[in-house]
Amino acid sequence: MEPETDYGVPIPGRVLPAEQWARTAIKRLPAEGPLDWEAIFGRSAPLVLDLGCGNGRFILSSALRRPELNHLGLDVLPLVIRYATKRANQRGLHHVRLAVCGAHEFLEQYVPPRSVAEIHLYHPQPYRDETKSFKRLVTPQFLLLVRQALVADGSLTLQTDNTGYWDYLREVAPRLFEFTSVDGPWPDAPRGRTRREIYARQHRLTVYRAVCRVRADLSQDQATRIAGQLPLPRFAAQRKPSSQRRR
């Protein structure tokens, strides 16, 4: 069987014999949260949360490299979750769970405070039509929910190939997090952690990356006040002309 690829880059891992497959789908979330991670995974371990996991490339790679961690991936599109679930099942990744849910909704309704070790958000939809800017995921309130979800030494990884989004993230995220830009590519995935990153790099788009950690000098009340003063993501998201693009 030919290996699956994203734009020529193989999907991480290999298909195991059927008797070794896992069951990774959360077919239905409860009406109310919070969720009990130990009950969901059948063990107690630090949790990696991938918001907008798409076809599962990052969560597969991370789970294969770090079996000691639990991994949960979300996406609003049932089709891509079906792809991700099939791949995680076939690779025997018993420490992975996948569900259809929006990122903001999940953080707000289902995540217990200070219970997630890592949150990853790769290439959130920029909505280039500015009349749809209200649909953009990353807002001050969203960052406040992320901050609330993370353990004291937890991290938020951000990545985008949209310059307007990146400028906005650089403006607002450092107010609530210690914000560190990362020069790519990622050492664990030199050709790209996600399908979108592979596409962007092959089309010579700049990929911007950052790792954020909760600012220990801010209380939750202080962070809430700061978030209330930050701008909403009403940036211009149009692409630069091709002459201005770079890797």
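Computed from the coordinates by the stated procedures, all read-outs in this text should not be read as laboratory data. In this text the structure is predicted, and so the values were computed from the model without any measurement. With ideal geometry, Cβ positions are generated from the backbone for all residues, glycine too; neighbour counts draw on all protein chains shown.
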Residues located in the stretch 177-190, provided they are without any contact (Cβ under 8 Å) to a residue 60 or more places away in the chain and among the acidic types (Asp, Glu): Glu178, Asp183
Take the residues of the stretch 103-147 that are of a type in the set (A, V, I, L, M, F, W, C) and touching a strand residue (DSSP E or B) at 6+ places or on another chain (Cβ under 7 Å): which is nearest to Phe235 (Cα to Cα)? Leu121
Qualifying residues in the stretch 173-221 (those that are in contact with a Gly (Cβ under 9 Å, 6 or more places away or on another chain) and among the hydrophobic types (A, V, I, L, M, F, W, C)) - the one surrounded by the most Cβ atoms within 10 Å (Cβ to Cβ): Val207
Going by the structure shown, is Pro17 over 20 Å from Ala103 (Cβ atoms), more than 17 Å from the chain's Cα centre (by Cα) and of a type outside the set (A, V, I, L, M, F, W, C)? yes
Could you check the stretch 1-53 and list, in sequence order, the residues that are crowded, with 18+ Cβ neighbours inside 10 Å and among the charged types (D, E, K, R)? Asp6, Asp50
Would you pick out the residues in the stretch 210-221 that are within 18 Å of Phe142 (Cβ to Cβ) and of a type outside the set (Gly, Ala, Ser)? Val211, Cys212, Arg213, Val214, Arg215, Leu218, Gln220
Take the stretch 31-58 and flag every residue that is of a type outside the set (D, E, K, R) and without any contact (Cβ under 8 Å) to a residue 60 or more places away in the chain. Ala31, Ala39, Ile40, Phe41, Gly42, Ser44, Ala45, Cys53, Gly56
Identity of the residue in the stretch 169-195, in contact with a strand residue (DSSP E or B) (Cβ under 6 Å, 6 or more places away or on another chain) and β-branched (Val, Ile, Thr), that ends up farthest from Val214 (Cα to Cα): Thr194
Residues located in the stretch 199-211, provided they are under 17 Å from the mean Cα position of the chain (by Cα) and assigned to a loop (DSSP other than H, G, I, E, B): Val207
Could you list, ordered by first residue, the pairs with Cβ atoms under 6 Å in which the first is in the stretch 191-217 and closer than 20 Å to Val172 by Cβ and the second is of a type in the set (Phe, Trp, Tyr) and in a helix (DSSP H, G or I), at least 6 apart or interchain? Tyr208/Trp166
